[in-house]
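Only one structure is covered here, and it is reproduced in the block below.
The values are calculated or read from the model by the stated rules, or taken from the named source; none is laboratory data. Just so you know, these numbers come straight off a predicted model, no measurement behind them. Methodologically, a virtual Cβ is constructed for each residue, glycine included, from the backbone with ideal geometry; neighbour enumeration extends over all protein chains shown. The protein model used for the area step is the full one, side chains on, heavy atoms only, and it has no ligands, DNA or RNA in it. Shrake-Rupley method; radii C 1.70, N 1.55, O 1.52, S 1.80 Å.
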Amino acid sequence: MSTILVIEQVINGLQFGVMLFLMAAGLTLIFGVMGLINLAHGSLYMIGAFAAAWVAGLTGSFLLALVAAMAAAALAGALVEMVVIRRLYAADHLDQVLATFALILIFSEGTRWVFGSFPLYLDIPEALSGTVTLPGGIAYPLYRLVLIGIGLTVGLALWALIERTRIGMQIRAGRDDREMIAALGVDISRLYTGIFALGALLAGLAGALVGAIQSVQVGMGEPVLILAFVVIVIGGIGSIKGAFIGALLVGLTDTLGGIFLPEIFKLFTDASTATQAGSALASMAIYILMSLVLIWRPTGLFGRAA
Amino acid sequence: MSLLEIRDLTASYGVTQALHGVDLSIDAGEIVALMGRNGMGKTTTVKAICRIIASEGTLRLGGTDLHRLPSHRAARLGIGLVPEGRRCFRDLTVSENLVATARPGEWTQARVEELLPKLGQRRDQRAASLSGGEQQMLAIGRALMTNPRLLILDEATEGLAPLVRQEIWQAIAELGHSSGMAILVIDKALREMARIASRAVILERGRSVWSGRMDALDEETARRLIGV
Amino acid sequence: MPDPILTTTNLQKSFGALKATDSVSLDLRQGEIHAIIGPNGAGKSTLIDLISGRTQPDAGSVTLLGQDVTHAGTAARARAGLGRTFQISALAMEDTVLQNAVLGAMGASGKPWRFWRPALWDADLRMRAEEALRRVGLADDAGKRCAELSHGQRRQLEVAVALTLSPHAFIMDEPMAGLGAEGSRLLTGFLDSLRSEAPILLVEHDMDAVFALADRISVLVYGRVIATGTAAEIRASREVRDAYLGEDA
Amino acid sequence: DVKVGMITTLSGGGAGLGIDVRDGFLLALEQAGRDDIEMVIEDDERAPDAAVRIADRMIQSERVDIMTGIIWSNLAMAVVPGAVAQGVFYLSPNAGPSQLAGQGCHENYFNVAWQNDNLHEAAGAWANETGYSNSFILAPNYPAGQDALTGYKRMYEGDLAGEIYTDLGQTDYAAEIAQIRASGADSVFFFLPGGMGISFLKQYADSGVELPVIGPAFSFDQGILQAVGDAALGVVNTSQWSKDIENETNAAFVESFEAEYGRLPSLYASQGFDTANLLISALDVADPSEDPDAFREALRAANFDSTRGDFAFGPNHHPVQDIYAREVIQEDDVFTNRIIGTALEDHADAYAAECQM
Amino acid sequence: MIPERHLNIAVLMLFFAVPAWALIMDEPFTITLATRAAILALAATGLNIALGLGGLVSLGHAIFFGIGGYAMGVLAFHAQTYTPMQLGGFEIAGTKSMPVIWLVALVASGIAAVLVGLLSLRTSGVYFIMITLAFGQMFYYFAISWRAYGGEDGLSIYVRNDFPGLNTLDPIQFFGLCATLLCLALLVFWRLARSPFGLALGAARQVPQRVETVGLDPVRLKLVAFVLSGMMTGLAGALFADLNRFVSPTMFSWQFSGELIVLVILGGVGRLMGPLIGAGLFVTLEHVLGDITDFWHVILGAILLVIVLFARGGVVGLFCGKARPDA
Ligand SMILES: Nc1ncnc2c1ncn2[C@@H]1O[C@H](COP(=O)(O)OP(=O)(O)OP(=O)(O)O)[C@@H](O)[C@H]1O
Ligand SMILES: Nc1ncnc2c1ncn2[C@@H]1O[C@H](COP(=O)(O)OP(=O)(O)OP(=O)(O)O)[C@@H](O)[C@H]1O
Ligand SMILES: CC(C)C[C@H](N)C(=O)O
Ligand SMILES: [Mg+2]
Ligand SMILES: [Mg+2]
C-alpha cells in the first residue's frame, strides 16, 4: 500500500469524522447539553432529508431544499418538544427512552405514509460536483470538502454558543436545575423549545447535506442515531470539543479499521478468511473503541464526573 | 401598599396540605424574619412566592397578582432567591453562575466579589467542586446579581463560618437600609435575625400564628413557637 | 494514655495548585469528641473524605485501631469500625425508616449475600435496627417512608444508621446543618451521650454546639492545622478569632 | 377454496421490495379473476422473529395451505424449514438462500425467482464476455454478500484487483473508492442492496473514478434507480427479468402493472406476478389440501406463462433460466433498464447436486 | 387504586385462563402467543432485576437473550447434523435435551454477564446505557459474520428440542413448560426483592455512598444483580429460540434490548408483574394492531406515548399507585 493511499485514507477518515460530527451536532445540543435522551433524533435527520428531496424535486434548487430541510426539521422539533418532551425533563432517562422510541415509530411510518416506500432522489448540485486535486495528487470530491467546511463552521458556532454566551450558560444551568433557573428569571421552557428546535434544525441540515451523497429513505436515521450517540459518549456528554474529537476518532477508527484490519489478518490466514474476519472485526471497531474509552475514563474523554 | 402582600395563602404537596393560611407583608426597605420550627412551612411559603409550587390566596408583588405569572415572570418582577440547600448550577463555573441569570443594577460581579472575596479567588472553578460554604456564598452572590426588589434568604447562612456569617449579616442589614431592598430572611440564627429584622412572622403547622415587631416578641412566645 | 482510635499522619491532598489538605496530623481518642473547625474551604470536608476513604491522599497515612487503612476503600473502613454521617442526608428515600436501619445492621453483620429469606424476617437484623431507632427516638416512625420525614428526623436517622454498625469511631460532617434551635439542642444532648460509646470526630460550624460538646478542637486553615486545644484555649486564641470566629463568638 | 399466506416486508427501510412482490402477485390474481383464492397478507417488518410469529399464526390459526412472500434470506431461513415440515407449500418469490437449494431442499419448497448466487454468477460470466480481466469486488459482510462474491468468482475467469467486505448498512464509501482508484482494476463488481447501493453509486460517480461497474439487478431495480439518478446511467447489471423481454405475457404484465399502480414494475414485481401464475396453474390441476402430491407435480411442471418466457424448475425446485445483462438508460424522465445481451443461458444453480428429495 | 397483590393475582389468572380457553376453542395460535408473552416476560423479569431493583438501565440485555438463543441453536444444530463441536481439541456432541441446553444457556449468559458487568459497572447513568449498547453491538456484528452458524441468515432447527416426559411440539405442553419457568422466575424475583440482598441492592441504586459507609460494596451488589439478571434473560433466549425453532443475530440487536426495556416500563419498573403485564400487552397490541393497517406502528407509537405521558409507573402504577415498601 503506497504512502499516498495511506494519506488519502487518513483524510477520508478525518472527513468521515467531520461528517459524523455534522450528524451528531444536533444531538450534542439535545443530548449532550440539555441532557435529554432523544432516540427520535434520527427521525429529525430523516425528516430533513425527505423535505430536501421533496423540495429539490419540485424546484430543482438545492439551496431551497436545504432551507426546507431546516425549516421542516425545526418545526417538527419544536412541536415534539412542546407536546411531548416538555413533560419529560424531570422524568428519568427511562421515560425519555420510551417516549422517544414511540416517536421513532410514529415518524418512520408517518414518513412512509406520506412519501411511499421507495427511496427518494436527492443529488448534489452541479456546482459542487466533481473533484478537486489536493496537494500530492489526491483527487478529492469537492462536495465533501464543502461538508467539512460546514461541519467545522457548525462546530465552532455551537461551541461559541454553548461555552461563550449567556444563553449557553442558561441552557447548561437548566439541565442541572430547571426549577432554580426559572426561579431566577429565565424562561427555561421557551429557551428549551428554541434549543430543541435548533438541534432539530441541525439534524435536518445534516440529513439533507449527507442525504445528497447517501440514500434518502425511511429508516436512514437509525444507524446515524447510534453513531451519533457513540461519538458524543466517547467525547464526554456536554462537551462540544469532546464530540468533535470523538467524531474524528470514530471516523478514523472506522475507516482505517476497515482497510487495515483485513490486511493485518492476511499475515496470518488466507486472503478470503482474512477479508471476512478482518471486516467482521472492523465493524465492531468503533464499539470496541467506545468501550475501551469508557473503561479507561468512565465519563468519556472530556466528560465531567457526575 | 406593601411591596409583598400575602393573605390567607394555602398550598399542598399532592394530597398533603403544607400551608393552611399564611399572612405576611413586607415593605420596600424592610427586613422581615420568617420563623418557626423545622417543617412548619417556611420553605413552602418561599416556594409559593417564587411560584415554584401552586398556591391559593392573595399573593401580590408591587400590586401585581403573582398567581397569574409563571415562575420566571415572577422572578423578573424583582424577586431574588437564595434557596434552601444552595442549589448552585453544578456544571457552571463560579463566574458563569453569577452571570447566567444576572440583571442590570448596582450589584455587579465586582461588587459581589468584594463582599465575598472567596468567590473572586475561585472564579473559574466549577460549582460542584466548591466547598459547602463556598457554594452558599455563591448562591447569595447569584441572587444579588439579579438586583431584586425583594431578596429572599432561605437558610442563607447555613454552613458558613462564623466570621463570614457576621459579614453577611452586616451586608444584609446595610442592603435593607441603604438600597431600599425588601428582605425576607429565614434562618436558624435567631440572635442575628432579631438584630437586623424589624418585624417577624412565625409559622406553626402551615399557619402564621404570630406576627409583629421584633421587639414585641417575648421569650415565652419564642419558646413556645420556635423552641428557644 | 491509651492508643488513639484513629490517627492521621501528614495527610496531603491537592486539587491542581490548591493544597486542600496540607500535612494534617491529628488523632481521635477513646471517649472524646474532637471538633474540627475552620473557615469555608479550609479543607474540612476534604479531610473527612480522606479519612472515610472517599478520596485517596497524595501522601500521608490513616490508621484505624492500629491498622493502616490508607489504601482501603470506604466499605472496608466501615467494616473496620468507622461510622459516618453525611452533611446532606444520604438515605434510601423510597425505603422505610426501618429498612434503612436494617441496611446498616446488614452491613455490620456481613449478611447482604442472602437471596431468599426476607430481610425483615431476620430477627437479629431487626433487633439491631430497632434498637438503634429507639435510641435516636425514631421507634414510632419505623414504618414511615424516609421521604416523609422532616429534615430533623432525617438527621436522626443518619445517626441511627451509623449506630447500627456499632462503630469504634464516628465521623460527622455538619450534623447540625439545617436543624432549628430546638433540634440542635436535642442532637447536642444525644451526641454528648454517644461519646462514651465511641469517640466522635465532628466537623461543625455551629459554635454553640462545638463549644458545648468538644473535648478538643482543631482549627484548620488553608488545609493546615493551626491550633489544637480545649474550647477555652481555642476561644481565646487571637489567631483563631482572626481567621474564623470573628469577634462575637 | 385455498388459503394463501403472504409474509412480506411492508414497513421500514426494505418495504419497497415487499410491496412490489405483493402488488405483482395480486395483479396476477386479479387478472385471472380467481376469487377462490383467499389471501392473508402480513408485514414481517424485516424481522425474523416477527416472520416466525406470523408464520405460526398463518399455519395454526388461519390454516393456510400455501405460503409465499418472503424477501430476505434470513427471514426465509427462519420460516421456510418449519413451514414445509408442517406440510405447507412454500413458493418463494424472492429469497433463495443456498441451504434451501442444497442440503436443506424440500419437496414442498419452490423458488420462483432465483437461487441467491445466480445473478452474481451471471455478472461474472458477463465480465468474461466483456473482456474484464482485473475486477475489484465488494459486498457487505453477511451471508448474502459472501455468496455474492463467491458467485461472481465462480464464473469470472480474470484476476482480482481487490476483494473487500464492507459493513452491513454502511453509508460512506470514500475509503473503498480510494482503494478502487489505487488498485489498478479494470472493472468493479459490487453487490450492495438497497440504500447501500444508492450511496455507493452516488459517491462513486462523484469521485472521478471512471472504471466500468457491474452488479446484480438488486441495486438497479426500478424502485431504486430514480433515487440514484444520473449516477447509474450506463451501468451494466444482470437480471433474470427485464421489462423489455419480448413475449406477450411480459408486455401485458408491464402495461397492466403500470396502469394499475402508476409505476413501472421491478424485477420483484415480476417475481410476485410469476409466483401467482405458477400457483394458479397448479391449482387448476389439483387442490393442495386434497391431493398434495398431484399439486406438487403440477407445480413442478411449471405450466404457466412466465414473464421470462420459458420457465422450468431444476431437480431442486429452483429455476433453470436465462439471465440477461442489462444497461441502465433514461427514457424521458424515467431511469430504467434495457437488455444488452444474455449472460447465461438455461442456467441452474450450483447447489442442485447436494439436494436429495 | 387497588392493592398490588390483587392485581397480581388477577394478572396471573388471566395469564393461565387465556391459553386454557384457547385449548378448549382449539385455537393453537393463541397458545403460541401466550407462550411468546411468557418467554418475553421471563426475559423482561430478568431485566427487571437489573433495571427495577438495581437501577441499571441496560441497553445490552439482548446479549444474554442472544447467547441463550445461540446456546440452543448451536447445540441443537450439532445434534441435528450429527457433527460434534470442536472446542480447542475437545469434541463435544450436540444435544436436543432442553434441560442440558438451559444449563448451558444459564452458564454461558452468566459468564458473559460477569464480563460485561465488570467492565460496564465502572460507568454509570447514561454512560452505562451506552457502554452496554456498545457491547450489544459487538455481539451483534460478531454473530452476523459468524459463518459457521449461519451469519445473518441464522440457524434453523427443524424440530423443537425434547423435555423428558413431554411432547414439546404440542403448543399447550410447551406453554406449560415456559409458564412454569416464568412462575419460578417471578418467585425468585419476589423473594429477591425482599431479601437482604434486594434491600442492599435497592439502597445501592438510591444512595451508593450510603451503602459504602455501612461496609457494603455497591458495585459488587450491582454486579451480582446484573449476572442474575443476565442469566434469567439468557434462559428466556433459549426458550425463545425453541419457540421459533430458529436463532439469528437479530436476537442480539439493540432494538431488541430496547423492546425489553419498553416491556418493563410498560408494565411497571421494579414491580413483580410489570414484565408479564408489559409482555402480554405488547404481544396483544402487536397481534391486534397488525390486522388493522399496514401503518400500525403509528398507532403503537401513539399508545406507548400516551402511556409514558399519562401513566407514569406503567400499568401497575396506573392501577396501584407508587410502589409501597412492605415493612
Ligand atoms: N416535596 C415534599 N413533598 C411532600 N411533603 C413535603 C415536601 N416538602 C415539604 N413537605 C412537607 O411540608 C411541610 C412544610 O415543609 P417546609 O419545607 O416548608 O418546612 P420548613 O419550615 O422550611 O422547615 P425547615 O426549617 O426544616 O426547612 C413539612 O411537614 C414537610 O414534611
Ligand atoms: N475537586 C476539586 N477541584 C478543585 N478544588 C476543589 C475540589 N474539591 C474541593 N476543592 C477546593 O478545596 C477546598 C477545600 O474544600 P472542602 O470542601 O474540604 O472545604 P471545607 O473546609 O469543608 O469548607 P466548608 O466549611 O465550606 O464546607 C475548597 O476551596 C474547594 O473549593
Ligand atoms: C433482494 C435481495 C438482495 C435479497 C437477498 N436475497 C437477501 O437475502 O438478503
Ligand atoms: Mg426550610
Ligand atoms: Mg464542608
Taking a straight Cα-to-Cα line shorter than 17 Å from residue C:44, and setting aside same-chain lysines fewer than 8 residues away, one finds B:118, C:13, C:19
Once you charge only the Cβ atoms, +1 for Lys and Arg and -1 for Asp and Glu, what is the size of the charge dipole of chain D about its Cα centre, to the nearest 20 debye? 820 debye
At 25 °C and 0.890 mPa s, what whole-number value in µm²/s does Stokes-Einstein give for the translational diffusion of segment D:165-219, with Rh from the Kirkwood sum over Cα pairs? 215 µm²/s
Provide the FRET efficiency to the nearest 0.05 for the residue E:285-residue C:238 pair, computing r from the beta carbons and using R0 = 60 Å. 0.20
With charges only on Cβ, +1 for K and R and -1 for D and E, what is the dipole size of chain A about its Cα centre, in debye, rounded to 20? 540 debye
Rounded, prolate or oblate: which one fits the protein assembly as shown, using the alpha carbon gyration tensor with axes a ≥ b ≥ c (rounded when a/c is under 1.5, else prolate when a/b beats b/c, else oblate)? prolate
Average accessible surface area per residue within segment B:80-147, 1.4 Å rolling probe, Å²: 33 Å²
Throw me the Rg/Rh for chain B, computed over C-alpha atoms with Kirkwood Rh, two decimals. 0.95
May I ask you to find the residues of segment E:150-164 that are shielded by at least 50 Å² of accessible area once the whole protein assembly is considered instead of their isolated chain (probe 1.4 Å)? E:152, E:153, E:158
Given chain C, what percent of its DSSP beta bridges are antiparallel, to the nearest 5? 55 percent
A plus D alone minus the pair: what accessible area, both sides summed, probe 1.4 Å, in Å² to 100? 3000 Å²
Two-decimal log10 I(q)/I(0) for chain A, as the Debye equation yields it once each C-alpha is a single scatterer, q = 0.11, 0.14, 0.16 Å⁻¹: -0.70, -1.10, -1.35
Can you tell me the accessible area per residue over chain E, all protein chains present, probe 1.4 angstrom, in square angstrom? 35 Å²
Dipole-positive endmost among B:162, A:13, E:136 within the protein assembly as shown (Cβ charges, Cα centre): B:162
Treating the angle as unsigned and between 0 and 90°, give the value, to the nearest 10°, between the Cα long axis of helix B:132-144 and the longest Cα principal axis of chain B. 80 degrees
Taking chain E as a Gaussian network, where each spring joins two C-alpha atoms under 10 Å apart, which residue of E:237, E:60, E:258 fluctuates the most? E:258
Give the Cα extents of segment B:7-64 along the principal axes, in whole Å, largest first. 36, 27, 18
In Å², nearest 10: area of residue D:133 left accessible to a 1.4 Å probe: 60 Å²
Name the residues of segment A:161-179 whose accessible area, probed at 1.4 Å, falls by at least 50 Å² once all protein chains are in place instead of their chain on its own? A:166, A:169, A:172, A:176, A:179
In segment B:155-180, the residues losing 40 Å² or more of accessible area (1.4 Å probe, heavy atoms of protein chains only) relative to their chain alone are B:158, B:159, B:161, B:162, B:163, B:166
If you check each cysteine of the protein assembly as shown for another cysteine whose beta-carbon is under 4.7 Å away, which ones come up empty? B:50, B:88, C:146, E:178, E:183, E:320
Accessible area of chain A divided out per residue, in Å², using a probe of 1.4 angstrom: 34 Å²
How much space per residue, in cubic angstrom, does the convex hull of the C-alpha atoms of segment B:80-147 take up? 67 Å³
Given the C-alpha centroids of segment D:13-62 and segment D:228-281, what is the distance between them in whole angstrom? 19 Å
Estimated FRET transfer efficiency (residue E:20, residue D:107; beta-carbon r; R0 56 Å; 0.05): 0.90
Compute the Cα gyration tensor for chain E, then decide on rounded, prolate or oblate, letting a ≥ b ≥ c be the square roots of its eigenvalues: rounded whenever a/c is under 1.5, prolate when a/b is larger than b/c in the other cases, and oblate in all that remain. oblate
Summed for both chains, how many Å² of accessible area, to the nearest 100, are buried between A and E with a 1.4 Å probe? 3900 Å²
Percent of alpha-carbon pairs separated by more than 31 Å within chain D: 30 percent
Accessible-area order (highest first, 1.4 angstrom probe) of the listed residues A:82, C:93, E:98: A:82, C:93, E:98
Shape verdict for segment C:91-165, please, from the Cα gyration tensor: rounded (a/c under 1.5), prolate (a/b greater than b/c) or oblate. prolate
Sequence gap at least 6, Cα distance under 8 Å: using those rules, report the relative contact order of segment C:37-182 to the nearest whole percent. 31 percent
Using 7 Å Cα-to-Cβ label points, what is the residue A:273/residue B:23 separation (nm, one decimal)? 9.2 nm
Percent of accessible area on the protein assembly as shown owned by carbon and sulfur, 1.4 Å probe? 56 percent
Suppose accessible area is computed on protein heavy atoms with a 1.4 Å probe; arrange A:132, A:293 from highest to lowest. A:132, A:293
Between residue A:83 and residue D:332, how many nm apart are label points set 7 Å from Cα along the C-beta direction? 3.8 nm
Where the Cα atoms of segment C:169-249 are projected onto their three principal axes, how long is each span, largest first, in whole Å? 31, 26, 22
Nearby lysines by direct alpha-carbon distance to residue D:202 (threshold 22 angstrom, same-chain neighbours under 8 apart not counted): none
What order do E:235, E:47 take when sorted by accessible area (1.4 Å probe), most exposed first? E:235, E:47
How many nm is it between the label spots at residue A:295 and residue B:7, if each spot is 7 Å from the Cα in line with the beta carbon? 7.0 nm
Separation between Cα centres of segment D:91-141 and segment C:70-135, rounded to whole Å: 66 Å
Cut-off 19 Å (backbone N to label point 7 Å along Cα→Cβ of residue A:304), residues of segment A:1-33: A:28-33
Counting only DSSP beta bridges with both residues in the protein assembly as shown, tell me the antiparallel percent, nearest 5. 50 percent
Placing +1 on each Lys and Arg Cβ and -1 on each Asp and Glu Cβ in segment C:91-165, then taking the dipole about the Cα centre, the residue among C:164, C:91, C:110 whose Cα reaches farthest towards the positive end is C:110
Once the whole set of protein chains is in place, how much accessible area is left on residue E:6, using a 1.4 Å probe, in Å² to the nearest 10? 110 Å²
Solvent-accessible surface (1.4 angstrom probe) belonging to residue E:169, in square angstrom, nearest 10: 90 Å²
Estimated dipole of the protein assembly as shown in Debye, rounded to 20 [Cβ of Lys and Arg +1, of Asp and Glu -1, Cα centre]: 7420 debye
How many square angstrom of accessible surface are buried between B and A, both sides summed, with a 1.4 Å probe and rounding to 100? 2100 Å²
Charge dipole (the protein assembly as shown, unit charges on Cβ, about Cα centre) - positive-most of C:36, A:99, B:120: C:36
